[in-house]
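Trainee: Pasting in a structure now, in C-alpha cells, and then I'll have a few things to ask.
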Amino acid sequence: MHTVTEHFEVLKRIFEPLICPQLMQSGHRHELYRLLSSRFVEFSQDGKTKVIEAIRNLPIVSRGEDRERRLKFTQREWLSAIKDQPEAAAWFAELMAAPELGSASEHPDFLSYHESRWGPGPAPYETDALVAFAEDGSLVERLNSFKPGDFWRGPTLGGLVSALEDAVASKPDSFLPLLSDFHAAKPPFQHALIQGYKKLFDPSNNAKPNFDWEAAWPKLMRFVSETVHQESFWDKAEDNESADLVPSYG
C-alpha cells in the first residue's frame, strides 16, 4: 500500500479495480488511510465512486451491541480521510452531526493509538508574560481566575505552577513587591512563589540573576510566616491539584 501511495501515477490503473469493502477490512488501515488522504484527488471518477461505495457497503459487525452505531463510526473514520472532497463532504457532515457517534477519533488512521504525558503539562502563559503581569499588578488575579483545559492538551494548573516558579527564579525583583498580594493567591501559587525563590540558590540554576538577598530575606521570611498561619494554607488539596502534580498542603 505504501508503494501505491508513493508511485500512484504508475500503479493507479492496477489499484483502482481492487477497491472493495474487503480492502478496508485488511490489516493495512494506516497505509490505506494515508493513500486516500493524499491521493484521492488523483483517482479517476470511477475510482472515487468505488471508494465511496466500498465505505457505504462495509459489512456490519457480527458480534456485540450497537452494531449499527459501530458501523457508522467506522464509516465516518474512513470518510475523514477524504472529508474535504465533494464526493464525501455531505455524508461526512451527516455522520459528524449524529450525536450517538460521539466525537471523532483524533487518529482515525490507527485501529488503536496510545498517548502518554510526562510532567505537569503546558502552561497558559509564558514566563515573560507572567513577569509582565507581575509588573502591572494583575498577576494574582490572573492566577486565581485560571481554569484548567483538557487534561491531555492543557493548559494545566501544574503547568502554570511550574511556569510561575521559573518566572520568579528568572526575575525575582519583579515579584518581591507582590509578596503581600500573594496572601490572596491560591495555595499552589503561594508554593510556586516560594519555590521560585528557592531555585535562585539551587546549584542546578546556572543562570542566577543579581539579587539582593540581604534586603529580601526579611520580607520573604515574613511572607512565609504569615502564609503558614493562614487557615487556607492548610486546606485539603482539590482533586485536580493532585492530578496535575501540583504541590499541596493537605
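Trainee: Does residue 53 satisfy the criteria of being over 30 Å from residue 158 (Cα atoms), modelled with pLDDT of 90 or more and either open to solvent by 60 Å² or more (accessible area, probe 1.4 Å) or assigned to a loop (DSSP other than H, G, I, E, B) (or both)?
Mentor: When the stated conditions are applied, residue 53 passes them.
Trainee: Looking at (1) open to solvent by less than 10 Å² (accessible area, probe 1.4 Å); (2) under 24 Å from residue 213 (Cβ atoms), find the lone condition where residue 181 falls short.
Mentor: Residue 181 satisfies every listed condition except (1).
Trainee: Considering only residues of segment 70-84 that are part of a helix (DSSP H, G or I) and open to solvent by 30 Å² or more (accessible area, probe 1.4 Å), which is nearest to residue 104 (Cα to Cα)?
Mentor: Ranking the candidates gives 73 first.
Trainee: Sticking with this structure for a sec: Starting from segment 65-80, keep only residues that are of a type in the set (D, E, K, R), then list their pairs with residues that are surrounded by 14 or more Cβ atoms within 10 Å (Cβ to Cβ) and modelled with pLDDT of 85 or more whose Cβ atoms are within a distance under 8 Å, requiring at least 6 positions of separation or different chains.
Mentor: 72/95; 76/92; 76/95; 76/96
Trainee: Moving on to the next point. For segment 182-203, give me each residue that is over 15 Å from residue 142 (Cβ atoms) and over 29 Å from the mean Cα position of the chain (by Cα).
Mentor: Answer for segment 182-203, where residues must be over 15 Å from residue 142 (Cβ atoms) and over 29 Å from the mean Cα position of the chain (by Cα): 183, 197, 198, 200, 201, 202, 203.
Trainee: Kindly indicate whether residue 87 is part of a loop (DSSP other than H, G, I, E, B) and surrounded by fewer than 19 Cβ atoms within 10 Å (Cβ to Cβ).
Mentor: When the stated conditions are applied, residue 87 passes them.
The values are calculated or read from the model by the stated rules, or taken from the named source; none is laboratory data. The shown structure was predicted, so the numbers you read here are calculated from the model rather than taken from an experiment. Positions of Cβ are backbone-derived with ideal geometry, glycine not excepted, and every protein chain shown enters the neighbour counts. Heads up: the accessible areas ignore ligands, DNA and RNA and are worked out on the full protein's heavy atoms, side chains in. Shrake-Rupley method; radii C 1.70, N 1.55, O 1.52, S 1.80 Å.
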